[in-house]
Amino acid sequence: MMDVGSALSVAEQHFPLGPEKLAEQLGVRWWRTPLDGAAGWCIPTSSPVIVLNANDPSTRQRFTLAHELAHLVRGTPGLELTRDRDLFTSDAQEEREANELAASLLMPLRWLEAQALQAPIGKLVLNKLAAEANVSVPTLMYRIANCAAELGFSTITVLRFDGEHLKSQFPPVNVSDELAGRLLSGAKSTSNGIFRQPLTDGSVALGTLIENPAFYTTVFVQIVSAQVATLPSADEYLDRCKRYLFQDETRFVQKFGGCLGSFKSKNAEHSMPLEHAVHQFLEQYAGKWHDPEHEVRLRTEMGLAWLRYRLSKWYH
Ligand SMILES: [Zn+2]
C-alpha cells in the first residue's frame with residue numbers, strides 16, 4: 001500500500017480526479033449500489049473493494065470514496081467492514097483523521113493556495129471552487145476552515161445548525177451560542193452577501209449562510225479586522241457593478257440579457273478566451289443601444305466586470 005505522502009501527491013497531480021486516480025493506482029475496485037443507512041463500505045483485503053451508496057449525491061459519493069481510500073492508505077480499519085453513517089459528525093479520532101485526509105485528496109493544499117483567497121470570501125467564490133473540485137460547498141468550507149492558517153487567514157470556522165440550535169463549530173473557536181444565533185439570523189436576512197457582526201475586541205465576524213438540502217444549515221464565519229470587513233466580497237462587488245450598470249432600467253436589463261443570449265448562440269461553435277469574448281461582445285452590441293449612456297457605463301471598470309462575469313459562464 002502507498003504511504004500518505006505519495007497518495008497526496010497522486011491526488012495533487014490529478015486534481016480534480018485525485019480519489020479516482022488513487023483508487024486506480026492502488027488497484028482498488030469500487031462501484032455504486034443503493035445502500036441503506038451507510039455512505040459506503042470498504043473491504044480491505046489484498047485486493048480491496050469499496051462500495052458507495054448510489055442514493056447519495058455524487059459529491060457525497062466522491063467524499064466517501066476518498067474517505068475509504070484514506071482508511072486504506074492509513075492502514076485502518078484492519079479487517080473490519082467500515083460503515084460510515086455520517087462522515088461529518090463522527091467523534092472518533094480515526095474517522096476525523098480519515099476525513100481530513102479525504103478532504104486533502106479531494107482538495108489538495110497546493111490547489112487551494114493557488115486560488116490566493118482573500119477575505120471576505122463570499123458565496124460566489126465558494127460555489128465556484130466547490131464546482132471546480134467537484135465537492136459540495138460544505139465540504140469545501142470545512143477544508144478551507146481546516147487550513148485557514150496555511151492560507152493566511154486568522155480565523156475561519158464553520159457553524160452547523162440544527163434548526164436554530166448550534167450543533168457544532170469546526171474548528172472550535174469559542175463562538176458563543178448567542179453570537180452564533182446572531183450570525184445565523186443576520187446571515188439569513190442578508191440574501192446575497194455577507195452579514196457583518198462587530199465584536200467587542202474591535203474585530204468583525206462575517207457570516208455567510210450556506211443552505212444545502214442534503215446537509216445542514218451552516219454559516220461560514222470569518223473573523224477579520226474592521227478594515228478588512230469594509231471590503232466587498234466578490235458577490236457584493238458584482239452586485240454593485242450590476243446596479244451601477246443597469247441603474248434600475250428594466251428595459252436595459254432585458255435588452256442586455258437578449259444580447260448575451262444572441263451572442264452565445266452565434267458563438268456556440270467555437271470556444272474563445274474570455275477576454276476575447278468580452279471584446280467581441282463590445283464590438284457587436286455596445287454601440288447599438290438607444291441610450292449612449294448604456295455604452296458609456298458598460299465600458300467602465302464596473303460595467304466590464306459585470307460583462308466579464310456573465311460571459312465567464314461560457315468562456316474561460
Ligand atoms: Zn470511516
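Every number here is computed from the coordinates shown, using simple stated rules; none is lab data. Since the structure is predicted, the reported quantities are computational estimates derived from the model, not experimental observations. Here the Cβ positions follow ideal geometry from the backbone for every residue, glycine too, while neighbour counts run over all protein chains shown.
Scanning segment 261-316 for residues that are assigned to a helix (DSSP H, G or I) and basic (Lys, Arg) returns LYS264, LYS266, LYS288, ARG297, ARG308, ARG310.
Quick check on my filter: what residues within segment 282-293 are surrounded by 13 or more Cβ atoms within 10 Å (Cβ to Cβ) and over 16 Å from VAL253 (Cβ atoms)? Answer for segment 282-293, where residues must be surrounded by 13 or more Cβ atoms within 10 Å (Cβ to Cβ) and over 16 Å from VAL253 (Cβ atoms): LEU282, GLN284.
Tally up the residues in segment 294-316 that are surrounded by 15 or more Cβ atoms within 10 Å (Cβ to Cβ) and acidic (Asp, Glu), please.
To start, the set of residues in segment 294-316 that are surrounded by 15 or more Cβ atoms within 10 Å (Cβ to Cβ) comprises 294-295, 297-298, 302-311, 314-315.
The next check asks that each one be acidic (Asp, Glu); those that pass are 295.
Within segment 294-316, residues that are surrounded by 15 or more Cβ atoms within 10 Å (Cβ to Cβ) and acidic (Asp, Glu) number 1.
Suppose we filter PRO232, PRO273 for residues that are out of contact with any helix residue (DSSP H, G or I) (no Cβ under 9 Å at 6 or more places or on another chain) and surrounded by fewer than 16 Cβ atoms within 10 Å (Cβ to Cβ); which single one remains? It is PRO273.
Conditions (1) in contact with a Cys (Cβ under 8 Å, 6 or more places away or on another chain); (2) among the β-branched types (Val, Ile, Thr); (3) surrounded by fewer than 21 Cβ atoms within 10 Å (Cβ to Cβ), marked per residue:
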residue: ILE144; (1), (2), (3): no, yes, no
residue: ALA148; (1), (2), (3): no, no, yes
residue: VAL158; (1), (2), (3): no, yes, no
residue: PRO172; (1), (2), (3): no, no, yes
residue: THR190; (1), (2), (3): no, yes, yes
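Annotation for segment 239-261: at least one member residue is of a type outside the set (A, V, I, L, M, F, W, C) and either in contact with an Asp or Glu (Cβ under 6 Å, 6 or more places away or on another chain) or closer than 19 Å to GLN118 by Cβ (or both). What are the residue pairs meeting all of these: first residue in segment 91-103, first residue within 9 Å of the ligand (Cβ to nearest atom), second residue of a type in the set (Val, Ile, Thr), Cβ atoms under 6 Å, and 6 or more apart or on different chains? Here the result reads GLU94/THR76, each pair linking segment 91-103 to a residue that is of a type in the set (Val, Ile, Thr).
Here is a yes/no grid of residues against (1) of a type in the set (Phe, Trp, Tyr); (2) buried (at least 16 other Cβ atoms within 10 Å of the Cβ); (3) assigned to a strand (DSSP E or B):
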| residue | (1), (2), (3) |
| --- | --- |
| MET1 | no, no, no |
| ALA7 | no, yes, no |
| ALA11 | no, yes, no |
| PRO16 | no, yes, no |
| PRO19 | no, yes, no |
| GLU24 | no, no, no |
| ARG32 | no, yes, yes |
| GLY37 | no, no, no |
| TRP41 | yes, yes, yes |
